[in-house]
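A.B. asks: Dumping the structure here so I can ask a few things about it.
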Amino acid sequence: MDIFLKLGWYFREQWRRYVVAGLLLIIVDVLELSIPWLVGRLIDGVVARSLDSQRLMSYVISVLVLAVLIYIMRFLWRMFLFSASFQLAERLRQQVYQHLTLMAPGFYNKHRTGDLMARATNDVTAVEMTAGEGVLSGLDGLVTGILVLAVMMITVSWELTLVALLPFPLMAWFFFVIGTRLHDGFRDAQERFSDLNDKVQESVSGIRMTRAFGREVREDADFMRVADRAAEANMRVAATDSLYDPAIFITVGVSFMVSIAMGAWLIEQDRITLGQLTSFTMYLGYLIWPMFAYGWLLNLVERGSAAYARIIALLDARSPVQDDGTRVLAANVDIHWQVNAFEYPGANSTALSNINLRVAQGQTLGIVGATGAGKSTLISLLLRYYDHDSATVSIGGDSVKSYTLESLRGMIAVVPQDAFLFTASIAQNIALGCPEATIEQIRAAARLASVEQDILRFPAGYDTLVGERGVTLSGGQKQRIAIARALLMDTPILVLDDALSAVDVSTERNILSHLKEARQGRTTIILCHRLSAVEEADQIVVLSHGELKERGTHTSLLQAKGWYARMFDYQKLEQAVASGR
Ligand code: ADP
C-alpha cells in the first residue's frame, strides 16, 4: 500500500477533489444502506398485517427517489476522482517526456526504445488506475464495509454480526498471500511488455531489411517467442488474480450459513424479528462488494507500485551530460578541439586521439576520411553529446561545458546524412527551428538549398504533407529540405554531416556556391566522402582511424600526394566513368 504514500505529493496537491469525492461517496453509501432498512420495515409491516396501500406506495416512491439520487451522486464522485487520476497520468507523461528530451545520446545507447515507450504508456496507465480506480475501490470498499457493519450491529444484533464475521480473518490472510505473488507477477509482466514493445518497434523499423533478406519466417518465429513470453507472464498474473473470487464467495457463503443458523435461533428466542434477519442477509450481500473492492484494490496497488518503481527509475536516471553551464551565446565562435583520447562509453577502442584542430570564425572547414574515421565524433563533441576528461572543445576560448546546452546547441545547426522529416507540410518542416518564419523566408532558404524547383512540382507545393503519412521524397530531396531547414536558422555555425551525399555533383556545386555567399562571416563545417564538396574550403583535414593524418587546402593537399590526392584522383576517374567520358 506504500504506493499511496509515494503518490502522497499528488494527493496533497489535489486534496480538494479527493475530499469532495470522499464526502459524496459517504452520502451515497448511507443512502444505499437505507434501502435494506426500508425493505426490512416493509416486511415487518406485511408480517404484522399493518401495511396499507398508502404506506406501500410511500415505501416504493422512497426507494425510487433514493435510486435516482444514488445514480446522480455516484456519477459526480466518479467524475471528481477520475479527473484527478487522468491529470496525474498527464503530469507523469509530461515528466517522462521532458526527462527524455534532456537526456544525452549516451542514455539512449543504454536504454531500449520499446522499454522507454512502455514506461511512458503502459506503466503510467497502471499508476493512473491506482490513483483512480484504486482509490475508488479502497474508499468505497472501506466506507461501505464500516457502514454496513455498523448498521448490522446497531439495527439488528451485534452478536449476530460478530458471528457473521468469523470467516473473514482467514480471507484477509489469503489476500495477503495472493498480493505478494501478484506484485512479482506484475513486475515480470511489465518487463515482458517492454520486450514486446521493443520487438514491435524493431520489426516495424527493420521491415524493409526483413523483406530484402527473406527473413520473414525467422522474424515471425522470433516475434512469437517474445509475444509468448509476454502472454505467459500475463496468464500467470491472471491465474493468481482469479484466486480472489472463489475465496470471497466461500467466505461470504460460510458467513451466510452461520448467520442464518444463528439468526433463526435469535428469532426463536424473540430477540430479532424475521424482517430484521431479512435486512441482515441483505446487508451481508452488501459486504460482498467491499470484499471484491479490496481484492481489486490489491490488484491495482501491486500493478501500480511495480509500474511506479519503473517510472521513478527512469526519472532518476541522470543524463551522462549535465546542463550545468551558465554562459549564453558567444560573440566569437572560433572553435578549438583538443582531444588526447576519446572513447565512447562502454567501447574499448578510442574513436579519436591526438587531435588539435582550430577553425576561425567565418572559415569553412572540410573534414574528410573513410567511414568510421571519427568525423561525426568530432561534431558530437562540439555539440557536447558526450563529456570526456581528455577531450576539450572550446568555442570563443571557453569550453563548451561553460555554455547552457540550449545556447550551445542553438549556436549550431546540423544537417545529418539521413535527415528526419516530421509528418507536417514541407513549409513547416523547413521552419522547424524557427516556426515564426514567413513563407518568403522559407522560400529563400529552399532556394539556397536548390530544392524549390522540386517543391513546386508537388501538387500542393510548400503545403505538401511529408513524413511518415505524407508523400515520399527521394534521399536527395530530403537532404536538401534539411539543408534549407538549417539555413533558415542562420546559426553562427553550420555543420553538413555528409549531407550532400545523395545529391548530384552539379546540384552540390550550386548549393555550395549559395552557401558561400549567404554565410559570409559565419562558420561552416562540411563532413564528406566526396571530396568535391570541400574543394573550396579554407582548411581541409583528413581523419584516419581517429587521428588527423593530413591538413591543408585543396591545392596543398594535392601537392602533398597523400590519401587526399589519391582519393581525389580516384573520385575524378569514377565520375568520368559514370558520366561516360
Ligand atoms: P565517421 O563519421 O567518420 O564515419 P564516426 O565518428 O561515426 O565515424 O565513428 C568513429 C568510430 O567511433 C567508429 O569506430 C565507430 O564505430 C565508433 N562509434 C561511433 N558512434 C559510436 C557510439 N555511439 N558508441 C560506440 N562507438 C561509436
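Each reported figure results from applying straightforward, stated rules to the coordinates on display, with no laboratory input. Predicted model, so just to flag it, every value in this text is computed and none were measured. Every residue, glycine as well, gets a Cβ built from its backbone with ideal geometry; the counts of neighbours run over all protein chains shown.
A.B. asks: Mind pulling the angle between the C-alpha long axis of helix 505-518 and the longest principal axis of the chain? Nearest 10 degrees, somewhere in 0 to 90.
C.D. replies: The two axes meet at around 90 degrees.
A.B. asks: Sticking with the crude label model, points 7 Å out along Cα→Cβ, report the distance from V63 to R41 in nm, one decimal please.
C.D. replies: According to this spin-label approximation, the distance is 1.4 nm.
A.B. asks: Treating the beta-carbon of each Lys and Arg as +1 and of each Asp and Glu as -1, no other charges, what is the dipole magnitude of the chain about its Cα centre, to the nearest 20 debye?
C.D. replies: 860 debye
A.B. asks: If you don't mind, there's one more thing I want to ask. Return the inverse of the average 1/r over all pairs of distinct C-alpha atoms in segment 384-458, which is the Kirkwood hydrodynamic radius, in Å to one decimal.
C.D. replies: One decimal place: 15.1 Å for the Kirkwood radius.
A.B. asks: Scan around V414 for amide H atoms under 5 Å from its own, H built in the peptide plane at 1.01 Å from N, and keep only partners 5 or more places away or cross-chain.
C.D. replies: Under 5 Å from the amide H of V414: V495.
A.B. asks: Using only C-alpha positions, report the orientation-averaged shadow area of the convex hull of segment 2-316, nm², one decimal.
C.D. replies: Mean projected area for segment 2-316: 21.0 nm², to one decimal.
A.B. asks: With a cap of 13 neighbouring Cβ atoms within 10 Å, and only residues DSSP puts in a loop, list the trypsin sites (Lys or Arg not before Pro) found in segment 383-488.
C.D. replies: For trypsin sites (Lys or Arg not before Pro) across segment 383-488 that sit outside H, G, I, E and B with at most 13 neighbouring Cβ atoms in 10 Å, the list reads R469.
A.B. asks: Turning to a different aspect of this structure: Kindly express, to the nearest 10 degrees and within the range 0 to 90, the angle between helix 439-448's C-alpha long axis and the longest C-alpha principal axis of the chain.
C.D. replies: Orientation of helix 439-448: about 40 degrees from the principal axis.
A.B. asks: Which longest run of the chain has no exposed loop site in it, a site being GluC sites (Glu not before Pro) in a DSSP loop with at most 10 other beta carbons within 10 Å, and the site itself not part of the run?
C.D. replies: Answer from the scan: 1-435.
A.B. asks: Taking the Cα atoms of the chain, what is the range of coordinates along each of the three principal axes, in descending order and whole Å?
C.D. replies: 120, 51, 50
A.B. asks: While we're here: Using modelled backbone amide H atoms (1.01 Å from N, in-plane), which distant-in-sequence or interchain residues come within less than 5 Å of T392's amide H?
C.D. replies: Residues meeting the amide H criterion: Q338, V339, N340.
A.B. asks: What list of ³J(HN,Hα) values in whole Hz, one per residue of segment 354-359 in order, does the Karplus curve 6.51 cos²θ - 1.76 cosθ + 1.60 (θ = phi - 60°) give from phi, with Gly and Pro shown as x?
C.D. replies: For segment 354-359, the Karplus-derived couplings read 6, 9, 9, 9, 10, 9 Hz, x marking Gly and Pro.
A.B. asks: Another one. I'd like the distance between the alpha-carbon centres of segment 493-536 and segment 395-453, rounded to an integer number of Å.
C.D. replies: Their Cα centres are 15 Å away from one another.
A.B. asks: If you keep only loop residues by DSSP, which trypsin sites (Lys or Arg not before Pro) in segment 53-151 have at most 16 other Cβ atoms within 10 Å of their Cβ?
C.D. replies: R112
A.B. asks: Here's another thing I want to ask about it. Using the Cβ atoms and a cut-off under 14 Å, what net charge is assigned to the surroundings of L88, where Lys and Arg are +1 and Asp and Glu are -1?
C.D. replies: 0
A.B. asks: Below 24 Å Cα-Cα, how many Lys pairs turn up in the chain? Only count pairs eight or more apart in sequence, or on different chains, if you could.
C.D. replies: 14
A.B. asks: Sticking with this structure for a sec: What is the fewest-to-most order of F256, F420, F280, F107 by other Cβ atoms lying within 10 Å of their Cβ?
C.D. replies: F420, F256, F107, F280
A.B. asks: Which Rg and Dmax, in Å, describe the Cα atoms of segment 130-285?
C.D. replies: Looking at segment 130-285, its Cα Rg and Dmax stand at 25.5, 87 Å.
A.B. asks: Quick check: Cα centre of segment 281-358 to Cα centre of segment 134-158, how many Å?
C.D. replies: Cα centroid to Cα centroid, the span is 42 Å.
A.B. asks: How high is the relative contact order of segment 2-316, in percent, with contacts defined as C-alpha pairs under 8 Å that are six or more residues apart?
C.D. replies: 32 percent
A.B. asks: Let me ask another. Compute the length gained on full extension between Q201 and M282: take 0.36 nm times their separation in residues and subtract their Cα-Cα distance, giving the result in nm to one decimal.
C.D. replies: 23.9 nm
A.B. asks: Now for a different question. In degrees, nearest 10, range 0 to 90: what is the angle between the Cα axis of helix 475-489 and the longest Cα principal axis of the chain?
C.D. replies: Once rounded, one gets 90 degrees.
A.B. asks: Report the label-to-label distance for L56 and V505 in nanometres (one decimal), using points 7 Å from each Cα along the Cα→Cβ vector.
C.D. replies: Going by the 7 Å Cα→Cβ label model, 10.5 nm.
A.B. asks: Let me ask another. Please list 3J(HN,Hα) in residue order for segment 204-213, calculated via the Karplus relation 6.51 cos²θ - 1.76 cosθ + 1.60 where θ = phi - 60°; whole Hz, with x for glycine and proline.
C.D. replies: 5, 5, x, 4, 5, 5, 4, 5, 4, 9
A.B. asks: Additional query: Tell me, what is the FRET efficiency for M209 and W265 to the nearest 0.05, using R0 = 56 angstrom and their Cβ-Cβ distance as r?
C.D. replies: 0.10
A.B. asks: Putting +1 on Lys and Arg Cβ atoms and -1 on Asp and Glu Cβ atoms, find which of I412, F168, F4 reaches farthest to the positive end of the dipole of the chain.
C.D. replies: Highest projection toward the positive end goes to I412.
A.B. asks: Quote to one decimal, in nm, the extra length available between R93 and A360 on full extension: 0.36 nm per residue of separation minus the C-alpha distance between them.
C.D. replies: So the extension gain works out to 91.8 nm.
A.B. asks: Go ahead and estimate [θ] at 222 nm for the chain from helices alone: -39,500 (n - 2.57) per DSSP H run with n ≥ 4, summed, over the residue count, rounded to 500.
C.D. replies: Helix-only estimate at 222 nm: -20500 deg cm²/dmol.
A.B. asks: Gain in length, W173 to T553, computed as 0.36 nm per residue apart minus the alpha-carbon separation, to one decimal in nm?
C.D. replies: Result for the pair: 128.7 nm of gain on full extension.
A.B. asks: At q = 0.11, 0.16 Å⁻¹, what base-10 log of I(q)/I(0) does the Debye formula yield for segment 228-340 when every alpha carbon is treated as an equal point scatterer in vacuo?
C.D. replies: For the requested q values the scattering log ratios are -0.68, -0.93.
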